[in-house]
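The values are calculated or read from the model by the stated rules, or taken from the named source; none is laboratory data. Fair warning: this is a prediction, and the values are worked out from it, not measured in the lab. Cβ placement follows ideal geometry from the backbone for every residue including glycine, while neighbour counts extend to all protein chains displayed. Note: areas computed on protein heavy atoms with side chains; ligands, DNA, RNA excluded. Shrake-Rupley method; radii C 1.70, N 1.55, O 1.52, S 1.80 Å.
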Amino acid sequence: DAGVTQSPTHLIKTRGQQVTLRCSPKSGHDTVSWYQQALGQGPQFIFQYYEEEERQRGNFPDRFSGHQFPNYSSELNVNALLLGDSALYLCASSGTGKETQYFGPGTRLLVL
Amino acid sequence: RKEVEQDPGPFNVPEGATVAFNCTYSNSASQSFFWYRQDCRKEPKLLMSVYSSGNEDGRFTAQLNRASQYISLLIRDSKLSDSATYLCVVRDSSYKLIFGSGTRLLVRP
């Protein structure tokens, strides 16, 4: 039973570029949440997708957008990258009505 | 004020020691509480949920005090493999998890 998977594992971009990160949820899970974790900090909630809709959003600018596909996988897009977007981006999945979230290994993004 | 506050540590303890971490949260409407463990450069993993009645899982005991908005984690008989960052997490009436910045534990031989 595969857990949450994310791709790519690492990414280097320059300021102003755009990036797309991908996540496949754990088998049987239909809800995907995205978090940003800066060095030395706890993860910060970006948004959550359920039934292909953004169900809730954290305090992140519109440069951060997402999508969920019919197979429940999800993408996180970040436009106009800033140096401060350098972080570990974590995807977490959960089942309908279940509050426990299981995290993927993350994508480490470095913006130069 | 941060929504979830933790002492960043590090807590440096010998093998076999008992160590306790504390956490406070600001939103009295918080509904669910968890401790996650995060190893260096890895993803957070659920250690245990925390209930008002307190709960135990082997060497780990978690307590919740809703009146004081305080959560604790006690680790008995520390092992080298317990070295990690421990994240205090709450969920309010929404769907998002709110994380503390974590408490780092180092267990030495």
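So the values come out like this:
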{"item": "Hey, B:ALA62 more than 14 Å from chain A (Cβ to nearest Cβ), over 15 Å from B:LYS45 (Cα atoms), in a loop (DSSP other than H, G, I, E, B) and without any contact (Cβ under 8 Å) to a residue 40 or more places away in the chain or not", "result": "no"}
{"item": "The one condition in (1) part of a strand (DSSP E or B); (2) of a type outside the set (Ser, Thr, Tyr); (3) more than 10 Å from chain A (Cβ to nearest Cβ) that B:CYS88 fails to fulfil", "result": "(3)"}
{"item": "Residue in region A:27-42 that is nearest to the other protein chains (Cβ to nearest Cβ), counting only those that are open to solvent by 50 Å² or more (accessible area, probe 1.4 Å) and touching a residue at least 12 places away in the same chain (Cβ under 8 Å)", "result": "A:LEU39"}
{"item": "Options B:ALA20, B:ALA84; residue that is touching a residue at least 12 places away in the same chain (Cβ under 8 Å), buried (at least 20 other Cβ atoms within 10 Å of the Cβ) and not acidic (Asp, Glu)", "result": "B:ALA84"}
{"item": "Every residue from region B:23-33 that is surrounded by 14 or more Cβ atoms within 10 Å (Cβ to Cβ) and either within 13 Å of the chain's Cα centre (by Cα) or without any contact (Cβ under 8 Å) to a residue 60 or more places away in the chain (or both)", "result": "B:CYS23, B:THR24, B:TYR25, B:SER32, B:PHE33"}
{"item": "Residues of region A:1-35 that turn out to be touching a Pro at 6+ places or on another chain (Cβ under 7 Å) and either assigned to a strand (DSSP E or B) or among the charged types (D, E, K, R) (or both), as a count", "result": "3"}
{"item": "Region A:51-80 - residue that is in contact (Cβ under 8 Å) with a residue 60 or more places away in the chain and open to solvent by 20 Å² or more (accessible area, probe 1.4 Å) and, of those, farthest from B:TYR95 (Cα to Cα)", "result": "A:ALA80"}
{"item": "Some residue of region A:60-80 being closer than 23 Å to B:LYS42 by Cα, assigned to a loop (DSSP other than H, G, I, E, B), more than 9 Å from chain B (Cβ to nearest Cβ) and hydroxyl-bearing (Ser, Thr, Tyr)", "result": "yes"}
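Rundown of residues vs (1) part of a loop (DSSP other than H, G, I, E, B); (2) under 19 Å from A:GLU99 (Cα atoms); (3) facing chain A (nearest Cβ under 10 Å); (4) open to solvent by less than 60 Å² (accessible area, probe 1.4 Å), yes/no style:
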residue: B:ASN12; (1), (2), (3), (4): no, no, no, no
residue: B:TRP35; (1), (2), (3), (4): no, yes, no, yes
residue: B:ARG41; (1), (2), (3), (4): yes, no, yes, no
residue: B:SER49; (1), (2), (3), (4): no, yes, yes, yes
residue: B:ILE71; (1), (2), (3), (4): no, yes, no, yes
residue: B:ASP77; (1), (2), (3), (4): yes, no, no, no
residue: B:SER94; (1), (2), (3), (4): yes, yes, yes, yes
residue: B:ILE98; (1), (2), (3), (4): no, yes, yes, yes
